[in-house]
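What follows is calculated from the coordinates using simple rules that are stated; it is not laboratory data. Please read these numbers as outputs of a predicted model, since none were measured by experiment. Please note: Cβ atoms are built from the backbone with ideal geometry, for glycine as well, and neighbour counts cover all protein chains shown.
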Amino acid sequence: MSPFSEQHTSLLAGCAQVLSEKELAAKLALGRPLKVKLGVDPTSPDIHLGHTVGLSKLRQFQELGHEAILIIGDFTAMIGDPSGRSATRPHLSHDQVMEHAKTYQDQAFKILDPEKTSVRFNGEWFGKMTFQDVMRLNSRVTLQQMLQREDFRERIDKGLPVRAHEIQYPIMQGWDSVVIQADVELGGTDQLFNILVGRDLQHEEGQHQQVAMMLPILTGLDGIQKMSKSLGNAVGVTEVPGEMFGKLMSISDEQMSEYYRLLLHEELSLEAHPMEAKKSLAERLTARFHSPAEALRAREEFELRFSKKDLEAADLPSYSPPPDLSTDVISLSAHAFDNVFGLKKSRSDIRRLVEGGSVSWKGEKITDPKADLSLEGGGVLKLDRKSAVRVNPK
RNA sequence: GGGUAGGUACCGAAGUGGCCAAACGGGGCGGACUGUAAAUCCGCUGGCAUCGCCUUCAGUGGUUCGAAUCCACUCCUGCCCA
């Protein structure tokens, strides 16, 4: 391991808040590998760029020789972290959660070194607890403590319901730290409260308290809310290169510096041309989860398709309508949306797209929803801003 | 348990017997413009369809020629009291 002070500095880089830096230094000075905890809740099957912020930090610890412990919150996910939430989360069954947990792990290893990561499911300990154990655990914290959280407060102030089980969440997350005897816990800034509960519980158990290391939270594509799959503003780490590149290009200029800092771990230079900088960001991130070659291709495709608007030359998915399908615009488009992009759109939806001038066939706008396309020789059918197919009649 | 205020489309919020597929705002989508950025302007935003038809206003049942609107019961939520 490198000298502690050097580690200290590099580990602090990119953090939003660390409680406390002094404690971290002291822990590092112990000269032993630290147990570094990062918890993820498999509430959806995919990991997105927002998750990678914490994962990268964990990876950094790994590379410095520390022990990375990835907690898969199979039990906590059934409650769902109320952090930053204005409503109770929908219930997930344990089966659903375990389903997600599989893909989660695989995807997390796109960042982490699988050889050096211990993966723990918190159902391992929570699944064994009796109601008595739960009560005992609950008696260690006060309701007032739990209600200090701003997300609960806010809901209470607004007259929205806060379910009793939701206040279990921080306690459970805290207990995870006790079980694994964490030295450091990583999390987004919205995790501060939960992580501090962990410290309290550790203290009560006579353990050394974990250092709370908070990382900034990545904003989603809308530029407003935090990145989250359920808000539809996320970039998944398994998305195909074209999709990933395209989504990253849609972020606003203002957001770019944030993405540079949190995802590329560098500062966006002020002189950089915004569009070039964005392309470079998109290309580098795409390369990270795919390959440089695929990323370059995604970039070229993007330039061809959206900058030069040359759909003819673009690499579009090919689509062969079944022979018995009517060749009117609506039927064709609806079928193509469904078959090629997996989007179920109603015929009314398509009608609106057509009337709105979004659909074009062989480069010509079709605005008549009743128009019949003779598919002779095939051609490019543009459906909406992002979707187009190359029709190959059989 | 008692009292009280509510439950309307993705969200917020009007509407309190016919003119309601339901105002308005936000969000979303599409178009023009552009750098798939921002800003701006315009259109769309339940389903099917050639007038039109069908399914919606927490749920069920009722009153009525006609109900989101009235009545009954049920479910759900807030607040106050216990």
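Projecting the Cα positions of A:M129, A:A277, A:S326 onto the charge dipole of chain A (unit charges on Cβ atoms of Lys, Arg, Asp and Glu, taken about the Cα centre) puts A:S326 furthest along the positive direction. Hydrodynamic radius of region A:218-260 by the Kirkwood approach over all distinct alpha-carbon pairs: 10.5 Å. Overall, chain A carries a charge dipole of about 460 debye about its Cα centre when +1 sits on the Cβ of Lys and Arg and -1 on the Cβ of Asp and Glu, all other atoms neutral. All Cα-Cα distances of region A:62-202, cut into 10 Å bins from zero to the largest, leave 10, 38, 37, 13, 1 percent in each bin in turn.
Going by a ≥ b ≥ c, the root eigenvalues of the Cα gyration tensor, does region A:257-335 fall in the rounded group (a/c under 1.5), the prolate group (a/b larger than b/c) or the oblate group? Note, shape of region A:257-335 comes out prolate. Taking each residue as 0.36 nm, the span from A:F341 to A:K116 lengthens on full extension beyond its C-alpha to C-alpha distance by 77.2 nm.
If R0 is 45 Å, what FRET efficiency do you get for A:R352 and A:T142 from their C-beta distance, rounded to 0.05?
The computed FRET efficiency comes out at 0.25.
Rg and Dmax of region A:273-394, based on Cα coordinates, read 16.1, 51 Å. Taking the Cα centre of region A:256-354 as reference, the dipole from Cβ charges on Lys and Arg (+1) and Asp and Glu (-1) amounts to some 360 debye.
Against chain A, whose longest principal axis is taken from its Cα atoms, helix A:192-204 shows a tilt of about 30°.
Pair-distance distribution P(r) for region A:182-305, from all Cα-Cα distances in 5 Å bins starting at 0: 2, 11, 17, 17, 16, 11, 8, 7, 5, 3, 1, 0, 0 percent.
Amide H contacts of A:L215: A:A16, A:G187, A:G188, A:T189, each under 5 Å away and 5 or more positions distant or on a separate chain (H built 1.01 Å from N in the peptide plane; Pro and chain starts excluded). With a Cα cut-off of under 21 Å and a minimum spacing of 8 residues unless on different chains, the lysine pairs in region A:156-300 number 5.
Please report how far the C-alpha centroid of region A:113-145 lies from that of region A:239-257, rounded to the nearest whole angstrom. Taking the Cα centre of region A:239-257 as reference, the centre of region A:113-145 is 37 Å away. Suppose only helical runs count, i.e. DSSP H with n ≥ 4. What mean residue ellipticity at 222 nm does that imply for chain A under -39500 (n - 2.57) per run, divided by all residues and rounded to the nearest 500 deg cm²/dmol? Using -39500 (n - 2.57) per qualifying helix, the result is -12500 deg cm²/dmol.
Ordering A:233-243, A:27-37 by mean Cβ neighbour count within 10 Å, with the highest value first, yields A:233-243, A:27-37. A straight Cα-to-Cα reach below 23 Å connects A:K365 with the lysines A:K308, A:K309, A:K344, A:K345, A:K382, A:K386, residues fewer than 8 places away in its own chain not being considered. Taking 0.36 nm per residue of separation and subtracting the current Cα-Cα distance, fully stretching the chain between A:I156 and A:H91 would add 21.3 nm.
If R0 is taken as 41 Å, the Cβ-Cβ distance between A:H203 and A:T238 corresponds to a FRET efficiency of 0.55.
Along its first, second and third principal axes, ordered by size, region A:16-120 spans 43, 31, 22 Å in Cα coordinates.
Compared with the direct C-alpha span, the chain from A:S269 to A:T189 gains 26.2 nm at full extension, assuming 0.36 nm per residue. Dipole of chain A (Lys/Arg Cβ +1, Asp/Glu Cβ -1, origin at the Cα centre): which of A:L264, A:L383, A:H100 lies farthest to the positive side? Ranked along the dipole, the leading option is A:L383. Kirkwood radius, region A:349-394, all distinct C-alpha pairs, inverse of mean reciprocal distance: 10.7 Å. Toward the positive end of the charge dipole of chain A, with +1 on the Cβ of Lys and Arg and -1 on the Cβ of Asp and Glu, the farthest Cα among A:N339, A:L38, A:G14 is that of A:N339. Give me the base-10 log of I(q)/I(0) for region A:124-229 at each q in 0.10, 0.12, 0.14, 0.17 Å⁻¹, Debye formula, one uniform scatterer per Cα, rounded to two decimals. With no solvent term, the Cα-only Debye profile gives -0.33, -0.48, -0.64, -0.90.
Here's the list of aspartates and glutamates a cross-link from A:K37 could span, going by alpha-carbon distance under 13 Å and ignoring same-chain residues fewer than 8 apart: A:E67, A:D176, A:D183, A:E185.
Over the C-alpha trace of chain A, radius of gyration and Dmax come out as 24.8, 78 angstrom. Directionally averaged projected area (region A:78-133, Cα convex hull): 5.7 nm². Restricting the trypsin sites (Lys or Arg not before Pro) of region A:313-378 to loop positions (DSSP other than H, G, I, E, B) with no more than 13 neighbouring Cβ atoms within 10 Å leaves A:K344, A:K370. Need the C-alpha centroid separation for region A:172-212 versus region A:306-349, integer Å. Cα centres, region A:172-212 to region A:306-349: 51 Å.
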